[in-house]
Amino acid sequence: MSSTVSNSQDIFQQGGYDSRNTGTSGSFASPEPDVGDNGEAELVSVSWNQDYSCFASGTSHGFRIYNCEPFKETFRRELKDGGFKIVEMLFRSNILALVGGGPNSQY
């Protein structure tokens, strides 16, 4: 991961993630994840974007994107079968690198 600083502004609002987006596609269309006995997904990884304005977390049942200022979850995708052990985000765009986790990973 690079520590390059960028001055990109407002990219997030124009074409980035938005929790109000309810459209789903492909394998991400699972509304009900298969969670463990305690009902919570296990945190597997956390990575910050290049300007440290957002971070992505990979869980045992999907991934989540958070905005740092103000802090809030901006996007979440839960899956039935497995999660992601690596989630990397390109600046504040909607471009992600996803590496599946688990023995039967499809990503």
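Readers should treat all values here as calculations from the given coordinates under stated rules, not as data from a laboratory. Everything quoted here is computed from the prediction, not taken from an experiment. All Cβ positions, glycine included, derive from the backbone under ideal geometry; neighbour counts span all protein chains shown.
Taking other residues whose beta carbon is less than 12 angstrom from the beta carbon of Val87, and scoring Lys, Arg as +1 and Asp, Glu as -1, yields +3. Among 64-71, 46-53, sorting by the average number of other beta carbon atoms lying within 10 angstrom of each residue, highest first, gives 46-53, 64-71. Between Ser47 and Val99, residue separation times 0.36 nm minus the direct Cα-Cα distance comes to 17.4 nm.
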